[in-house]
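The values are calculated or read from the model by the stated rules, or taken from the named source; none is laboratory data. Keep in mind the model is a prediction, meaning the values are calculated, not measured. Here the Cβ positions follow ideal geometry from the backbone for every residue, glycine too, while neighbour counts run over all protein chains shown.
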């Protein structure tokens, strides 16, 4: 019985993390221009945005781990800087993406 519960929890956590990362990636890619540019340029810009998103996500995770380190005030402080800078850049990019989509919608 414990095996089934552990399996269920593992699958639930994996699916939840997958959904969160997928939604985060979609939100971060809202800043991409519409299909008005060539497909090659669109693919290149999409890859660059994906790499930036992965770097920011790794910064968020690294900062969170550094914040949780006990008895290390300097590491804790550096972790807070890394976490909140990554969080701020992500929020700014998502805000710009939403703004770009709204502007494009009103131009039509």
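In the set (1) under 25 Å from residue 20 (Cβ atoms); (2) surrounded by fewer than 13 Cβ atoms within 10 Å (Cβ to Cβ), residue 107 fails one condition alone, (1). Is it the case, given these coordinates, that residue 59 is surrounded by 15 or more Cβ atoms within 10 Å (Cβ to Cβ), in contact with a helix residue (DSSP H, G or I) (Cβ under 7 Å, 6 or more places away or on another chain) and either assigned to a loop (DSSP other than H, G, I, E, B) or in contact (Cβ under 8 Å) with a residue 24 or more places away in the chain (or both)? Spelling it out, residue 59 is indeed surrounded by 15 or more Cβ atoms within 10 Å (Cβ to Cβ), in contact with a helix residue (DSSP H, G or I) (Cβ under 7 Å, 6 or more places away or on another chain) and either assigned to a loop (DSSP other than H, G, I, E, B) or in contact (Cβ under 8 Å) with a residue 24 or more places away in the chain (or both).
Scanning region 14-42 for residues that are at pLDDT 85 or above, closer than 28 Å to residue 88 by Cβ and over 14 Å from the mean Cα position of the chain (by Cα) yields a total of 1.
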